[in-house]
Amino acid sequence: MSKPKRLHPAAIIFDIIQTLKQSILGILPAAIALISGGLGYIVMIAVPIIIGLILLFSFLSWFRFTYQLEEDQLRIERGILIRKKRTLSKHRIQSIDLSQNVIHRIFGLTKVAIETAGNDSSTDAALSAVIMQDGTMLHDELKYKKQLPEAEQLEAAEAANTERDEPDEGSVPKRKITIQALLITGSTSASFGILIGLFGVAFSQVETLIPDQFYDDATRWILSLGMQIIIALAIIVVLFLWLFSILYTVIRDWNFTITRYEKELFITRGLLEKKQTTIPLKRIQAVGIKESPVHQLFGFARPYVEIASGETNNSQEVNTIIFPLLRKKEFTAFLGEFLPEYNYHTESLVHPPKKALPYYLWRSMSIPLLAVIAVGTFFLSYIWIPAIIMLAAGIIGFTAFKSAGYIIDEQQIIVQARIFSKDTAIIQHRRVQALQQKQHPLHRKQSLATLDIAILNKGSGRHFVIKELRTMDSYYIADWYSYQEKTSSDINH
């Protein structure tokens with residue numbers, strides 16, 4: 001690719017959609033206010049003008065966007081009036097991911113997302129619509145071919161092609177999610193709660209568009225149905241949202257497959273939008289599992305990795321899930337298959353001492369206790385409501401105390417903690433960026449300490465905190481970290 005190329009014209013569609021998504025929250029309230037104020041004619045004039053400007057801007061953005069692969073770098077030029085030039089070196093590229101949504105698949109296109117080393121997301125790049133053949137070529141050229149002598153280039157190309165081929169059964173570790181596991185994931189995922197929140201927000205926005213007379217009539221009609229029918233309608237709405245969350249999970253994680261190659265994990269998933277994600281092993285900072293109360297009840301867990309990355313996009317959590325759902329008893333075998341560099345075992349977990357329990361209970365029960373006092377003072381007959389909440393908070397605090405702990409061996413530390421979900425992380429010593437001990441006067445008097453272990457991850461970093469350990473345990477962990485650090489330094493010198 002010696003000459004600059006433009007994106008596929010379908011990129012104009014993606015730019016229009018993105019612009020509308022970004023501006024709709026600002027335009028819609030203004031339009032509603034104008035219509036409510038009897039100025040609907042302004043909206044009728046403004047809407048075509050705004051749409052025309054968006055179309056023109058999107059076309060010019062596409063026309064002025066070019067990319068060029070040259071030697072060991074990718075050059076991108078963009079900008080309508082102010083031209084911006086970006087050069088990405090192959091040696092700085094950490095991962096190249098391909099994804100296809102419905103529009104991509106209709107036109108035979110793909111999106112190429114390029115992530116570079118470092119924490120500055122402005123150095124990353126994305127080609128929103130290129131022909132699939134060009135996307136695959138870019139992936140292979142940027143990922144596998146370095147500035148090497150000609151003979152070595154040929155060897156690297158052969159290795160790359162071998163790695164890109166579909167592996168034979170048993171040649172490389174590979175696992176695909178089953179339909180049953182996918183349905184369980186959807187029925188127990190946190191997306192259900194998120195959908196309820198989004199439904200509430202959407203209803204509050206739509207409510208402003210409903211005529212007052214219709215709204216009042218509908219409200220009176222619903223209230224006249226009786227409490228039993230209202231509860232039944234609420235249950236139907238919740239059930240519908242629950243089924244929708246299952247459908248969303250199935251579509252998002254359809255055919256979820258993880259494959260372990262020599263230097264990376266390769267993940268593919270998606271029904272309507274097919275995504276390919278590459279996780280270089282050298283960027284993994286920690287490995288762990290999360291167990292929600294529901295998952296823990298049925299013996300399930302979600303494995304994840306923390307990765308050093310420049311950006312966290314909207315589709316990702318703070319960590320990256322590497323398999324939607326596993327039986328917890330399978331996690332050790334899963335690690336041995338895909339990440340044998342990490343060892344998982346919690347049999348000899350060192351927990352905080354019993355004298356730490358009041359701190360855990362106080363942190364969880366202090367706010368509900370204030371509610372109990374306030375309600376008991378002014379509405380004594382309703383004191384049972386905050387009392388039940390305080391009891392539930394106390395149970396959460398107790399389970400957090402029982403879950404907290406650590407295990408150390410020569411190469412790694414396992415840290416376990418809980419707020420609602422239990423989080424167990426495995427951190428190799430070389431990935432620990434900082435270790436901090438915290439003590440307030442009560443801690444010092446009771447020989448307790450809180451330990452904060454920091455690693456790199458997307459953005460600002462991730463902290464694993466073990467609260468109210470014995471002081472001697474915190475010193476033991478600090479000595480392990482300092483000794484290993486010193487030993488590594490001596491070896492390097």
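Check the stretch 81-102 and report whether any residue there is open to solvent by 40 Å² or more (accessible area, probe 1.4 Å), of a type in the set (D, E) and either at pLDDT 85 or above or more than 29 Å from the chain's Cα centre (by Cα) (or both).
The answer is no; no qualifying residue exists.
Consider P386 against the criteria (1) under 29 Å from the mean Cα position of the chain (by Cα); (2) free of Cβ contacts under 8 Å to residues at least 24 places away in the same chain; (3) open to solvent by less than 20 Å² (accessible area, probe 1.4 Å): it satisfies all of them except one. Which criterion is unmet?
(1)
So Q437 fits all but one of (1) within 21 Å of N319 (Cβ to Cβ); (2) at pLDDT 90 or above; (3) among the polar types (S, T, N, Q); (4) surrounded by fewer than 20 Cβ atoms within 10 Å (Cβ to Cβ); what number is the exception?
(1)
Might you check whether a residue that is of a type in the set (K, R), loosely packed, with under 14 Cβ neighbours inside 10 Å and touching a residue at least 12 places away in the same chain (Cβ under 8 Å) occurs anywhere in the stretch 416-426? Before the answer, list the steps.
Going residue by residue through the stretch 416-426, those that are of a type in the set (K, R) are 418, 422.
Then drop every residue that is not loosely packed, with under 14 Cβ neighbours inside 10 Å, which leaves none.
Within the stretch 416-426 (the criterion being of a type in the set (K, R), loosely packed, with under 14 Cβ neighbours inside 10 Å and touching a residue at least 12 places away in the same chain (Cβ under 8 Å)), the answer is no, since none of the residues qualifies.
So the check is Cβ under 8 Å with 6+ separation or different chains; which pairs have a first residue in the stretch 235-255 that's under 14 Å from G186 (Cβ atoms) and at pLDDT 85 or above and a second one that's open to solvent by less than 90 Å² (accessible area, probe 1.4 Å) and β-branched (V, I, T)?
Every condition considered, the pairs that remain are T249/T185; D253/I177; D253/T185.
Just give me the residues in the stretch 320-348 being of a type in the set (A, V, I, L, M, F, W, C), without any contact (Cβ under 8 Å) to a residue 40 or more places away in the chain and assigned to a helix (DSSP H, G or I), in sequence order.
Correct list: A333 only.
Which residues, counting only those in the stretch 252-289, are open to solvent by less than 50 Å² (accessible area, probe 1.4 Å), outside any strand (DSSP E or B) and under 19 Å from P324 (Cβ atoms)?
D253, F256, G270, listed by residue number.
Taking the criterion of being open to solvent by less than 80 Å² (accessible area, probe 1.4 Å), hydrophobic (A, V, I, L, M, F, W, C) and in a helix (DSSP H, G or I), would at least one residue in the stretch 59-78 satisfy it? Quick ask: steps written out before the conclusion?
As a first pass, look at the stretch 59-78 and keep what is open to solvent by less than 80 Å² (accessible area, probe 1.4 Å): 60-62, 65-70, 72-74, 76-77.
Next, from what is left, pick out any that are hydrophobic (A, V, I, L, M, F, W, C): 60, 62, 65, 69, 74, 76.
Still in the running and in a helix (DSSP H, G or I): 60, 62.
Yes, that holds for at least one residue.
Looking only at strands (runs of 3 or more DSSP E) that lie completely in the stretch 350-465, which have at least 3 residues being aliphatic (A, V, I, L, M)? Break it down stepwise before answering.
Values: elements: 405-408, 412-418, 422-428, 434-438, 448-455.
Correct list: 412-418, 422-428, 448-455.
Could you tell me which numbered condition I42 fails, if it satisfies all but one of (1) loosely packed, with under 15 Cβ neighbours inside 10 Å; (2) modelled with pLDDT of 85 or more; (3) touching a helix residue (DSSP H, G or I) at 6+ places or on another chain (Cβ under 7 Å); (4) of a type in the set (V, I, T)?
Result: I42 fails condition (2) only.
Give the residues of the stretch 9-24 that are assigned to a loop (DSSP other than H, G, I, E, B) and open to solvent by less than 50 Å² (accessible area, probe 1.4 Å), sorted by residue number.
Keep residues of the stretch 9-24 that are assigned to a loop (DSSP other than H, G, I, E, B), which gives 9-10.
If the condition is that a residue be assigned to a loop (DSSP other than H, G, I, E, B) and open to solvent by less than 50 Å² (accessible area, probe 1.4 Å), then A10 is the only one that fits.
Test S366 against the criterion of being touching a strand residue (DSSP E or B) at 6+ places or on another chain (Cβ under 8 Å) and either among the aromatic types (F, W, Y) or surrounded by fewer than 15 Cβ atoms within 10 Å (Cβ to Cβ) (or both), and give yes or no.
Numbers: touching a strand residue (DSSP E or B) at 6+ places or on another chain (Cβ under 8 Å): no; either among the aromatic types (F, W, Y) or surrounded by fewer than 15 Cβ atoms within 10 Å (Cβ to Cβ) (or both): yes.
No: the conditions fail for S366.
Would you point out the residue of the stretch 345-356, among those that are among the hydrophobic types (A, V, I, L, M, F, W, C) and open to solvent by less than 40 Å² (accessible area, probe 1.4 Å), that is modelled with the highest pLDDT?
Going residue by residue through the stretch 345-356, those that are among the hydrophobic types (A, V, I, L, M, F, W, C) are 349-350, 356.
If we keep only those that are open to solvent by less than 40 Å² (accessible area, probe 1.4 Å) as well, we get 349, 356.
Details: L349: 92, A356: 95.
By that ranking, first place goes to A356.
The values are calculated or read from the model by the stated rules, or taken from the named source; none is laboratory data. What you see is a predicted model, and the numbers here were worked out from it, not measured in a lab. Every residue, glycine as well, gets a Cβ built from its backbone with ideal geometry; the counts of neighbours run over all protein chains shown. Ligands, DNA and RNA are stripped out before the accessible areas are found, and what is left, the full protein with its side chains, is counted by its heavy atoms. Shrake-Rupley method; radii C 1.70, N 1.55, O 1.52, S 1.80 Å.
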